[in-house]
1. Out of (1) within 30 Å of residue A:81 (Cα to Cα); (2) modelled with pLDDT of 90 or more; (3) surrounded by fewer than 21 Cβ atoms within 10 Å (Cβ to Cβ), the odd one out for residue B:85 is which?
2. Which residue is nearest to residue A:78 (Cα to Cα), if the candidates are limited to region B:12-50 and must be modelled with pLDDT of 85 or more and of a type in the set (S, T, N, Q)?
3. If I ask for residues that are facing chain A (nearest Cβ under 8 Å), of a type in the set (A, V, I, L, M) and surrounded by 19 or more Cβ atoms within 10 Å (Cβ to Cβ), which ones from region B:26-36 would you list?
4. Give region A:98-111 a look and list any residue that's surrounded by fewer than 24 Cβ atoms within 10 Å (Cβ to Cβ) and among the hydrophobic types (A, V, I, L, M, F, W, C), or say none.
5. Kindly indicate whether residue B:57 is within 14 Å of chain A (Cβ to nearest Cβ), surrounded by 18 or more Cβ atoms within 10 Å (Cβ to Cβ) and among the hydrophobic types (A, V, I, L, M, F, W, C).
6. Could you tell me whether residue A:26 is in contact (Cβ under 8 Å) with a residue 12 or more places away in the chain, surrounded by fewer than 24 Cβ atoms within 10 Å (Cβ to Cβ) and more than 13 Å from chain B (Cβ to nearest Cβ)?
7. Regarding residue A:69, is this residue over 21 Å from residue A:46 (Cα atoms), aliphatic (A, V, I, L, M) and either surrounded by 24 or more Cβ atoms within 10 Å (Cβ to Cβ) or within 11 Å of the chain's Cα centre (by Cα) (or both)?
8. Within region A:51-66, track down each residue that is surrounded by fewer than 20 Cβ atoms within 10 Å (Cβ to Cβ) and at negative phi.
Amino acid sequence: MYKRITTTFWRGFRNSIKTFLKVLKIILPITLLIVLLNQTPYIKYISTLLEPIMSIFGLSGNAALPLFLGMFAGVTDSTAAIIALGLPIREITIVGVMVGLCNSVIAETLIFKKFSRHYWKTAIIRILVAFSTGFLLKFVI
Amino acid sequence: MEWIIFLPIIKTLFNIAITIIPIRILIEFIEEYKLIEKIEKHTHFMTNWFEITTKSLIPMISGWILGMFAGSSVLADYHFDKKITQDETNKVMSIWMFAHGLIDETALYVILGANMFWILGVRIFFAIFAVKALIILSKKGFNITI
């Protein structure tokens, strides 16, 4: 029994390092890219452009990149952008809820496609629920 | 450029590492000791609520804990081997729409300072009540099959 516990522990530890390296491969380039872009006027320009849309969810223009990266690419990409841009905690929570409800929508819809021919409905429902929840959270958080 | 701007990144990556490592070890123990199968015996309230059989619980809970990609391989085993019906597969997918990878995905935002109760609470709320609403509407004749 002791051997089983230690074997499982070390297997878990090795897998956790593999997972961390996978996460690092996504987070590091995106974060570095955004930190470097933040030194230029481009991020500020995009943020200002998207500020009116983001204000519907009680978010600043800066939250646009983490939100859309999360919805279409994945949670890890979203967190990389948040690390680089440094959002306030309230906005990280709203983005976290919205991305939690609808993340990696393209890849995950393709997974749903394996099991049902109505897979496209999942994408629509998730996006609508995420946006309406974000709108409601603006008044609550 | 000041190199100090990279300091928050290094600090956050360290926090991610010390969160991911115990979570992954925990998941390994869950898989090794087949804890999901053991929980199955005590989950009649879930099967009654979602109107599914206990066989659907294993892929469902796998998706909650392991995430969509790992959970879908478990679901594929059950779905394509006809251990569960298409209706049950649809219900599992409906639940996964809102709640999957609950530990990993929540942890990544909580490390950055997000409120865990909002992130988990909203997802679980939709998984439980919105999906139940979809089930009730389907029974009343609305064509909302996922």
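1. With respect to (1) within 30 Å of residue A:81 (Cα to Cα); (2) modelled with pLDDT of 90 or more; (3) surrounded by fewer than 21 Cβ atoms within 10 Å (Cβ to Cβ), residue B:85 is out only on (1).
2. B:47
3. Matches in region B:26-36: B:27 only.
4. Across region A:98-111, the qualifying residues are A:105, A:106, A:107, A:110, A:111.
5. No: the conditions fail for residue B:57.
6. So residue A:26 does not fit the description; no.
7. no
8. A:51, A:52, A:53, A:55, A:56, A:60, A:61 - these are the residues of region A:51-66 that are surrounded by fewer than 20 Cβ atoms within 10 Å (Cβ to Cβ) and at negative phi.
The values are calculated or read from the model by the stated rules, or taken from the named source; none is laboratory data. Only a predicted model underlies this, so the values are computations on that prediction, with no experimental measurement involved. Virtual Cβ from ideal backbone geometry, glycine too; neighbours counted across all protein chains shown.
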